[in-house]
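Worksheet: the structure to be examined is printed underneath.
The values are calculated or read from the model by the stated rules, or taken from the named source; none is laboratory data. Since the model is a prediction, treat every value here as computed from it, not as a measurement. Cβ atoms come from the backbone with ideal geometry, glycine included; neighbour counts cover every protein chain shown.
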Amino acid sequence: MSSSQHPVAACLAYLEANGLQSTVTERLGECWLLLVARTLSMSVIAICIFLKLPQAQTILRARSAEGINVPSLLLEILGYSSVITFGWRKELSITVYGELILLLLQDYLVLALILHYTKRFTPNVYASIVLYFAVFFAFLLGYGPVVVVQVLQSSAILISAASKLLQISANIKNQGTGRLSLATLALNTYASYARLTSILIEVDSIAYAISGIISSTLNTVLTLQVIYYAKATIQRPSTTETAKTK
């Protein structure tokens with residue numbers, strides 16, 4: 001072996017001479033795929049730190065929550081809460097569901113802003129909030145039946161899909177997307193495709209793959225709706241703005 005030959009080239013030449021190059025090449029390919037999957041996963045976690053903040057900022061700037069479907073948001077909160085509870089009760093690693101904690105906290109903020117600007121902070125709403133947190137923490141602390149948590153966790157994809165379909169339906173009905181944030185939806189779409197890619201690389205599960213495909217598709221539809229209805233949304237004044245002019 002020449003002393004001037006590059007170490008990697010020399011190694012590959014040795015492997016080829018001994019019929020081992022194909023095996024090593026396959027291993028290197030697997031390592032690169034794993035690196036891509038882990039990088040995408042880390043990017044999703046980073047995005048989740050501020051994913052819903054553009055939506056909150058949009059509501060604050062407009063002082064309006066027009067177009068945001070509250071039942072859709074409530075279903076999303078239910079889905080996150082059930083998965084977090086399941087992960088906590090099963091003592092799973094925080095890395096499995098940690099990003100959902102960040103998203104849940106941001107959903108609380110968005111919901112509070114919606115209730116504030118739509119003047120829905122009524123005694124019944126306060127009572128519902130107290131009941132939700134009482135049940136949520138009861139299940140977290142192990143007082144609720146685990147079978148309920150398992151059912152909700154297994155239904156998480158259905159809850160998530162229903163949440164997005166409600167918002168998509170509301171957008172079509174209103175012929176506009178109101179104060180939905182394009183930045184939040186675009187980031188969410190990227191995150192769903194990143195998760196899907198990681199699932200296809202790392203997880204041998206048809207159920208997880210189908211879940212990722214459904215989530216990615218619905219997030220894409222929502223993002224495209226905001227772009228499609230952007231002109232109508234800008235041209236049509238919000239109900240709040242109309243009320244001010246009267």
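Could you go through region 149-164 and let me know if any residue there is polar (S, T, N, Q), in contact with a Gly (Cβ under 8 Å, 6 or more places away or on another chain), surrounded by 12 or more Cβ atoms within 10 Å (Cβ to Cβ) and within 25 Å of Ile206 (Cα to Cα). Step through it out loud before you land on a result.
Within region 149-164, the first condition is being polar (S, T, N, Q), and the residues that meet it are 150, 153-155, 160, 163.
When the remaining residues are screened for being in contact with a Gly (Cβ under 8 Å, 6 or more places away or on another chain), the result is 160, 163.
Among the residues that remain, those that are also surrounded by 12 or more Cβ atoms within 10 Å (Cβ to Cβ) are: 160, 163.
When the remaining residues are screened for being within 25 Å of Ile206 (Cα to Cα), the result is 160, 163.
Within region 149-164, one or more residues are polar (S, T, N, Q), in contact with a Gly (Cβ under 8 Å, 6 or more places away or on another chain), surrounded by 12 or more Cβ atoms within 10 Å (Cβ to Cβ) and within 25 Å of Ile206 (Cα to Cα).
Determine which member of the set Ile234, Ile227 is modelled with pLDDT of 85 or more, assigned to a helix (DSSP H, G or I), surrounded by fewer than 16 Cβ atoms within 10 Å (Cβ to Cβ) and more than 19 Å from the chain's Cα centre (by Cα).
Numbers: Ile234 fails: modelled with pLDDT of 85 or more.
Exactly one of Ile234, Ile227 is modelled with pLDDT of 85 or more, assigned to a helix (DSSP H, G or I), surrounded by fewer than 16 Cβ atoms within 10 Å (Cβ to Cβ) and more than 19 Å from the chain's Cα centre (by Cα), namely Ile227.
Regarding region 122-141, can at least one residue be identified that is aliphatic (A, V, I, L, M), over 15 Å from Leu74 (Cα atoms) and either outside any helix (DSSP H, G or I) or modelled with pLDDT under 90 (or both)?
yes
Being more than 20 Å from Gln167 (Cβ to Cβ) and surrounded by 14 or more Cβ atoms within 10 Å (Cβ to Cβ) is the filter here; which residues of region 47-59 pass it? Before the answer, list the steps.
Step one: filter region 47-59 for residues more than 20 Å from Gln167 (Cβ to Cβ), giving 49-50.
Selection gives Phe50 alone.
Would you point out the residue of region 137-148, among those that are of a type in the set (Val, Ile, Thr) and surrounded by 12 or more Cβ atoms within 10 Å (Cβ to Cβ), that is nearest to Glu91 (Cα to Cα)? Spell out the reasoning first.
From region 137-148, those of a type in the set (Val, Ile, Thr) are 146-148; that's our starting set.
Restricting the remaining residues to those that are surrounded by 12 or more Cβ atoms within 10 Å (Cβ to Cβ) gives 146, 148.
Numbers: Val146: 13, Val148: 17 Å.
In this case the residue turns out to be Val146.
Taking Gln167 as meeting all but one of (1) at pLDDT below 95; (2) crowded, with 20+ Cβ neighbours inside 10 Å, write down the number of the exception.
(1)
Hey, among Leu131, Leu100, Leu78, which residue is buried (at least 16 other Cβ atoms within 10 Å of the Cβ) and either over 25 Å from Ala46 (Cβ atoms) or among the small types (Gly, Ala, Ser) (or both)?
Numbers: Leu131 fails: buried (at least 16 other Cβ atoms within 10 Å of the Cβ); Leu100 fails: either over 25 Å from Ala46 (Cβ atoms) or among the small types (Gly, Ala, Ser) (or both).
None of the other options fit; the residue is Leu78.
Residues checked against (1) part of a helix (DSSP H, G or I); (2) within 19 Å of the chain's Cα centre (by Cα); (3) under 17 Å from Asn219 (Cβ atoms):
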residue: Leu74; (1), (2), (3): yes, yes, no
residue: Ile101; (1), (2), (3): yes, yes, no
residue: Lys119; (1), (2), (3): no, no, no
residue: Gln153; (1), (2), (3): yes, yes, no
residue: Arg179; (1), (2), (3): no, yes, no
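Sort out which residues of region 39-72 are on the phi > 0 side of the Ramachandran plot and either at pLDDT below 90 or not basic (Lys, Arg) (or both), and write them in order of number. Let's see the steps before the verdict.
Keep residues of region 39-72 that are on the phi > 0 side of the Ramachandran plot, which gives 63, 67.
Once the filter is applied, which keeps residues that are on the phi > 0 side of the Ramachandran plot and either at pLDDT below 90 or not basic (Lys, Arg) (or both), region 39-72 yields only Gly67.
For residues that are surrounded by 17 or more Cβ atoms within 10 Å (Cβ to Cβ) and without any contact (Cβ under 8 Å) to a residue 40 or more places away in the chain, scanning just region 103-122, find the one that is farthest from Asn188 (Cα to Cα).
Kept after step one, since they are surrounded by 17 or more Cβ atoms within 10 Å (Cβ to Cβ), are these residues of region 103-122: 103-104, 106-107, 110-111, 113-115, 117.
Checking the rest, the ones that are also without any contact (Cβ under 8 Å) to a residue 40 or more places away in the chain come to 104, 115.
Details: Leu104: 14, Leu115: 23 Å.
Per the criteria, the residue is Leu115.
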